[in-house]
Amino acid sequence: MPNIASAKKRVRTIAKRTAINHSRKTRIRSFVRKVEEAIAAGDKNAALAALKAAEPELMRGVTKGVIHKNAGSRKVSRLARRVARLGK
């Protein structure tokens, strides 16, 4: 347990930030899951709509520092490729 006032404040700040980051990551995962479920169902229109919603969420996670830039781009790219393959 911290004794110094600034250390106590950091503990509170870190707890707040952790909760916010956790909710952001959960939100990203749920958007990605919707895309993957549409892909699994074979519904291209639903998959495209879900991908359109998931891409900004992933990129928002990148700008907020929740996920790495390359990881966000990689996930968007792989999802887009899988959605594009549905029509064939």
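Quick note: the coordinates plus some simple rules give every number you see, no bench work behind them. Just so it is clear, the structure is predicted and the values come from calculations on it, not from any experiment. Neighbour counts are summed over all protein chains in view; Cβ atoms, including those assigned to glycine, are modelled from backbone coordinates with ideal geometry.
Tabulated data
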quantity: Residue in the range 52-70 that is surrounded by the fewest Cβ atoms within 10 Å (Cβ to Cβ), counting only those that are among the basic types (Lys, Arg) and under 19 Å from Val35 (Cα atoms); calculated: Lys52
quantity: The range 70-88: number of residues that are basic (Lys, Arg) and either within 18 Å of Arg29 (Cβ to Cβ) or within 12 Å of the chain's Cα centre (by Cα) (or both); calculated: 4
quantity: Any helices (runs of 4 or more DSSP H) falling wholly within the chain and containing at least 3 residues that are without any contact (Cβ under 8 Å) to a residue 40 or more places away in the chain and among the β-branched types (Val, Ile, Thr); calculated: 5-41
